[in-house]
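One structure is given below, encoded as structure tokens.
Bear in mind that the values in this text are calculations on the coordinates, not laboratory data. Nothing here was measured: the structure is a model prediction, and the numbers come from that model. Note that we place each Cβ from the backbone using ideal geometry, even for glycine, and neighbour counts take in every protein chain shown.
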Amino acid sequence: MDWISITFWLIGTLIVVLGPLILIHELGHYVFAKLAGVRVEEFGFGFPPRLFKLWYGKGYLEIGSTRVIIPPSLRRPSGLEVGAWVDAITQKQDDGSYLLRRLTVLDPATDDLTLKRELVDDGVRMRGEVTLLEPGTLYSLNWLPLGAFVRMTGEDDPSDPRSLAAQPKRWRVAILAAGAVLNIIVAILLSISVYTSGSPEKWVVEITNVEPGSAADEAGLLPHDVILAADEERIEDGLEQLRRIIQAAPERTIELTILRNDETLALMATPQRDSAGHGLLGIWMAPWPDRSGVRSYRLPEALNAGIDDIVNAVVMTVQLPAKLAQGDVTPQEARPASIVGISQVLTISLQQSVEWGMTFPVLRTASLISLALGLTNLLPLPALDGGRIFFVLVEALRGRRIPPEREAIVHLVGMVVLVSLMVFVMLQDFINPIIPWSLLK
């Protein structure tokens, strides 16, 4: 197994597909936090540890009672905080405001802390104590390429008027739900694009592996051969149709029309008889789109088909616990997936898109994963967005707030439990993968 190639594909999938889906989720939180006036301390591209700071958004500070605007391009010196003494060079603007040009944080032990305001060659010099500081949002680049994160002031502490917890209930719900809602909207758009970009309606079969000594091996079939017809029947319905033809022909020679390296060949094969009396060729198969059966939908048709797919996926998700209890779905089929399992599924889809020269596989999978991200985050579980929304709704029903320190403890415990489960599921995805590692090319 080529682990170097597998690692390359997994990392590429994280950056190209899964990362943007997480980035979109965090953008939802970010945009609504800004609209609500919540202080966004950091918007990080990727997950920590931090690689380096990219830039700051516009901020401001007050030296004494004078407000000074901090431009995005200005580096914030270490030690800059409320109560620190600073020496600043500012420029007065036409509207009477002051724009910061240079800033030095003073050391009380060695520097002069005398209040000062004077004209200098390059502006107005101010020396004094920082009484208010809004440094602006830090935009950072981080080492792990897994989307993004948003750090807001006071998610559980309403003491700061610009904290998340201090906002009206409607804004808190909007901010908390925005990421998941945006994921669901993106899922719908991706589902629609599946049909506008071209959706296969006829399928042939690709041979992924040939069992040594089997009927397929004796007939000269090779991995990556594409079976176009079998026993004078053109393959249009993919795996099930070919499986039916082979099982119906034990020990009977049939003709297989295959495509190998852009060349069409006819091979004769005699399926062996298995223990149940069915024909057995000895191949592993995968669906392969028939180019003559690819349909690009018009936008109204794609809209209906895409929304139908999303609705069906939601209904199946809701029905999953009942189907699992009834035995209609096996525990293996219903098992949760960690970022490892999700990356595997996305990687297979991305590889198929590259091999087929079609965006259909990766768009469909990305749509379902974006939908899953949105729905999962809305679950009323501690530490998830849905859990925080649940606390806001309880507050609205009872007419008073649950003490923030208690809510923080609940979310902390929930986070510990969720992280523990995530680690367990991740280990399962490594040891007992959803898709065999050998299928990743």
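Here is how the numbers come out for the structure above:
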| quantity | calculated |
| --- | --- |
| Cα→Cβ-extended label distance, 7 Å offset, between Glu255 and Leu222, nm | 2.2 nm |
| Cα-based convex hull volume of the stretch 259-308 per residue, rounded to whole Å³ | 166 Å³ |
| Computed lengthening from Phe424 to Thr264, 0.36 nm per intervening residue step minus Cα-Cα distance | 52.8 nm |
| Helix 299-326 vs. the chain, principal-axis angle (Cα, 0 to 90°, nearest 10) | 80 degrees |
| Proxy reagent accessibility, fewest Cβ within 10 Å first, across Ser191, Ser343 | Ser343, Ser191 |
| Rough spin-label spacing in nm, given labels placed 7 Å along Cα→Cβ, for Val345 and Thr104 | 5.9 nm |
| Euclidean distance of C-alpha centroids, the stretch 196-275 and the stretch 61-84, integer Å | 71 Å |
| √(5λ) per eigenvalue of the Cα gyration tensor, the stretch 261-414, largest first, Å | 45, 22, 16 |
| Convex hull per residue volume in Å³, alpha carbons only, for the stretch 58-134 | 91 Å³ |
| Considering only the chain, percent of DSSP beta bridges that pair antiparallel, nearest 5 | 90 percent |
| Residue-averaged [θ]222 nm for the chain, counting only DSSP H segments that reach four residues, each worth -39500 (n - 2.57) | -13500 deg cm²/dmol |
| Descending semi-axes in whole angstrom, ellipsoid equivalent of the chain, from the Cα gyration tensor | 59, 25, 20 |
| Most to least packed among 418-424, 404-410 [average Cβ atoms within 10 Å] | 404-410, 418-424 |
| R0 of 30 Å, Cβ-Cβ distance Gln91-Leu23: FRET efficiency to nearest 0.05 | 0.25 |
| Cα-based reach from Lys116 at 30 Å (exclusive), listing lysines while leaving out same-chain residues under 8 positions away | Lys58, Lys92 |
| Rounded D (µm²/s) - the stretch 200-295, Kirkwood Rh over Cα pairs, Stokes-Einstein at 25 °C, 0.890 mPa s | 187 µm²/s |
| Among Gly220, Gly341, Gly306, residue whose mean-square fluctuation peaks in a GNM of the chain (springs only between Cα atoms under 10 Å) | Gly220 |
| Cβ-derived FRET efficiency at R0 51 Å, Glu134 paired with Met316, nearest 0.05 | 0.60 |
| Considering only the stretch 58-134, percent of DSSP beta bridges that pair antiparallel, nearest 5 | 95 percent |
| Choice from Thr153, Thr257, Thr110 showing the highest fluctuation, given a GNM over the chain with Cα pairs closer than 10 Å | Thr110 |
| Most fluctuating residue given options Ile227, Ile15, Ile389, as computed from a GNM of the chain linking Cα atoms under 10 Å | Ile227 |
| Peptides 372-382, 22-32, 273-283 ordered by average Cβ neighbours within 10 Å, highest first | 22-32, 372-382, 273-283 |
| Evaluated at q = 0.27, 0.30 Å⁻¹: base-10 log I(q)/I(0), Debye formula over Cα of the stretch 125-171 | -1.04, -1.12 |
| Residues Ile402 and Lys58, FRET efficiency given R0 of 30 Å [Cβ-Cβ distance, rounded to 0.05] | 0.25 |
| Label-point gap, in nm, between Met415 and Val294 - each point 7 angstrom along Cα→Cβ | 4.6 nm |
| Theoretical gain in end-to-end length, Ile185 to Leu144 [0.36 nm per residue, Cα-Cα removed] | 12.2 nm |
| Residue exposure sequence - Val124, Val186 - by fewest surrounding Cβ within 10 Å | Val124, Val186 |
| Extension gain (nm, one decimal) between Arg273 and Lys323, 0.36 nm per residue minus Cα-Cα | 14.5 nm |
